[in-house]
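Okay, so here's the structure we're looking at.
The values are calculated or read from the model by the stated rules, or taken from the named source; none is laboratory data. Remember, it's a predicted structure, so these values are computed and weren't measured experimentally. Cβ placement follows ideal geometry from the backbone for every residue including glycine, while neighbour counts extend to all protein chains displayed. To get the accessible areas, we keep the full protein, side chains included, count just its heavy atoms, and leave off ligands, DNA and RNA. Shrake-Rupley method; radii C 1.70, N 1.55, O 1.52, S 1.80 Å.
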Amino acid sequence: MEESMAMAAAEPSPPPPPPTMNPNPGGGGGPEGHGGGGTWRKTAAEKEGAAAAVASSHAGRPNSATWLAPEQIYTRLTSSPTVSMVEVYMPYNYVLTAKHNHATQLLKLVRTNRSMPQSPTMPVLAMAATSAEHSQAEAELWCHNFGYLKSMALRCAIQLGIPNAIHRRGGAATLSELYATVPIAASKRPCMSRIMTFLATSGIFREEVVPADADGGETTAAGPRYHLTAASRLLVDDDGRACVSPLFVLCSSPLYFTASQHTAEWLQKEDGGAAERIPLTMAHGGGFYDIARRDAALAVCFDEAMGSDTRFVAEIVVRQCGGVFAGLTSMVDVGGNNGTMAKAIAEAFPHVKCTVLEVPRVVDAMPADGTVKFVAGDMMEFIPPADAVFLKCVLHNWSDEDCVQILKRSKEAISTREPKGKVVIVEVVLGSPSKKALEAQLLMDLCMMVVLEGKERTEETWHKIFLDAGFTQYKITPILGTTRSLIE
């Protein structure tokens, strides 16, 4: 993707435009009004006027990014007899310096869904577009705009138990079979059908058209049968495998959605009081963990979500990465909550004695079961000595400086266990070669920005953090079947 952007930016300059023309005959708004949707005819006067209007409207802007040159606009205007003016404007000069990195991440996410290369320094893009391109562009905007309805439909299916209902029918069920087991009001069944049609179109389920069938003189009407897919199998919680439904119920909750609606307002404010640290604090008047301590239902939802994700990752780590634990006799899981990961490792590798380091309120609520040991403490101050320190999705909650501090304490914990001492990290490493996985990673990064003051990181950023913490080497292994990597 970056190479494509670079190629676009390095495009040779086309010939200059004709000397005279008439600006904006299409009647659109241009960069300030954003209404330029009119049709542009190819007369010399019109072309030069359009180029001059776009260039002059941005002249003298303070802190302005690079605008499209007039000759580049002219080249695009001369590419077909009739072209439409399409303008994409990212108002960098309205985004305060402290928030530039966040605005850049938003732009990166948009670019992952664009098929046309775009220079990262080109906030205004004027180009010719065919009818097919216009149709595709409009469809992309609708899909982005209604993205919240995708999470609504998924959340609805989970809360109604539809994946479980299909699983109990052998992995496939018709609507009538679902109506018999899922609590849907009779008057709302047509609405349920529409939700299932969308979820099948988006790949959560697979739809099969079932022909009409005559049986004993009665004819069954033709209709769809819905099958589980690889995605919806992860939402089934009664087949003994890890289920991530609680995680996605949490992440699609009104708490998250309402916070996200304050992002634009937050980006325009300098960091001030606690109420403006992140969009969530602007929306709800407190940090996530402060709210969870006051809201018992949210606390339960959060614990179930984290537990479901940890069980999912633990199964894969134990199966794929067993060599990481070879030769170890002890391990401390830092921030391991109720010990789900530590217990999975202890059961899979009985020779590894596992300890969980958590805050006192979590440790006080944990019953002793003999599988793992719970220790109360602050990871910023001290981590118990062990052959390995394990950090699963902990560091993405913290700033780079705090990560360095945590890793320094981790290094101290394993310093007496050389040469086998190691720190094992499970985190996102931004930059997946898969477009879908990359989009998921970038969305996870935006979620951390909105909800928890955290962030996901590229390998370059991890590299600097490791060096600053005193580590001289590391190895990154993508965990197949997840968006995360294992870092040793």
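How about the range 152-205: which of its residues are touching a Gly at 6+ places or on another chain (Cβ under 9 Å), β-branched (Val, Ile, Thr) and under 13 Å from PRO224 (Cα atoms)?
Selection gives THR174 alone.
Pick from LEU96, LEU109: which is at pLDDT below 95, open to solvent by less than 30 Å² (accessible area, probe 1.4 Å), hydrophobic (A, V, I, L, M, F, W, C) and within 30 Å of GLN261 (Cα to Cα)? Steps first, answer last, please.
On the way: LEU96 fails: open to solvent by less than 30 Å² (accessible area, probe 1.4 Å).
Result: LEU109 is the single residue among LEU96, LEU109 that is at pLDDT below 95, open to solvent by less than 30 Å² (accessible area, probe 1.4 Å), hydrophobic (A, V, I, L, M, F, W, C) and within 30 Å of GLN261 (Cα to Cα).
For VAL394, state whether it is at pLDDT 95 or above, farther than 20 Å from ASP468 by Cβ and β-branched (Val, Ile, Thr). Spell out the reasoning first.
Details: at pLDDT 95 or above: yes; farther than 20 Å from ASP468 by Cβ: no; β-branched (Val, Ile, Thr): yes.
So VAL394 fails the test.
What is the residue count in the range 426-449 for residues that are outside any helix (DSSP H, G or I), aliphatic (A, V, I, L, M) and surrounded by fewer than 20 Cβ atoms within 10 Å (Cβ to Cβ)?
So the first thing to find is which residues in the range 426-449 are outside any helix (DSSP H, G or I), and the list is 426-434.
From what is left, the residues that are aliphatic (A, V, I, L, M) are 426, 428-430.
Filter once more, so that each one left must be surrounded by fewer than 20 Cβ atoms within 10 Å (Cβ to Cβ): none.
The number of residues fulfilling the criteria is 0.
Filter the range 456-488 down to residues that are part of a loop (DSSP other than H, G, I, E, B) and more than 25 Å from GLU412 (Cβ to Cβ), then give me how many there are.
Let us first name the residues in the range 456-488 that are part of a loop (DSSP other than H, G, I, E, B), namely 456, 469-475, 479-484, 488.
Of the ones still in play, those that are also more than 25 Å from GLU412 (Cβ to Cβ) are 456, 479-484.
Within the range 456-488, residues that are part of a loop (DSSP other than H, G, I, E, B) and more than 25 Å from GLU412 (Cβ to Cβ) number 7.
Just name the residue that is farthest from ARG457 (Cα to Cα) out of those in the range 383-400 that are surrounded by 16 or more Cβ atoms within 10 Å (Cβ to Cβ) and charged (D, E, K, R).
Result: ASP387.
I'm trying to understand the selection: among the residues of the range 252-283, which are open to solvent by 60 Å² or more (accessible area, probe 1.4 Å) and in contact (Cβ under 8 Å) with a residue 24 or more places away in the chain?
PHE257, GLN268, LYS269, GLU270, ASP271, ARG277
Quick one: how many residues across the range 284-300 are in a helix (DSSP H, G or I) and either open to solvent by 30 Å² or more (accessible area, probe 1.4 Å) or of a type in the set (Gly, Ala, Ser) (or both)? Steps first, answer last, please.
Within the range 284-300, the subset in a helix (DSSP H, G or I) is 284, 288-294, 296-300.
Okay, now just the ones that are also either open to solvent by 30 Å² or more (accessible area, probe 1.4 Å) or of a type in the set (Gly, Ala, Ser) (or both), so 284, 289-290, 292-294, 296-297, 299-300.
Count: 10.
If you scan the range 401-421, which residues turn out to be open to solvent by 40 Å² or more (accessible area, probe 1.4 Å) and either under 24 Å from MET306 (Cβ atoms) or among the hydroxyl-bearing types (Ser, Thr, Tyr) (or both)?
So in the range 401-421, the residues open to solvent by 40 Å² or more (accessible area, probe 1.4 Å) come out as 401-402, 405, 408-409, 411-412, 415-420.
Of everything in the range 401-421, those that are open to solvent by 40 Å² or more (accessible area, probe 1.4 Å) and either under 24 Å from MET306 (Cβ atoms) or among the hydroxyl-bearing types (Ser, Thr, Tyr) (or both) turn out to be ASP402, GLN405, ARG409, SER415, THR416.
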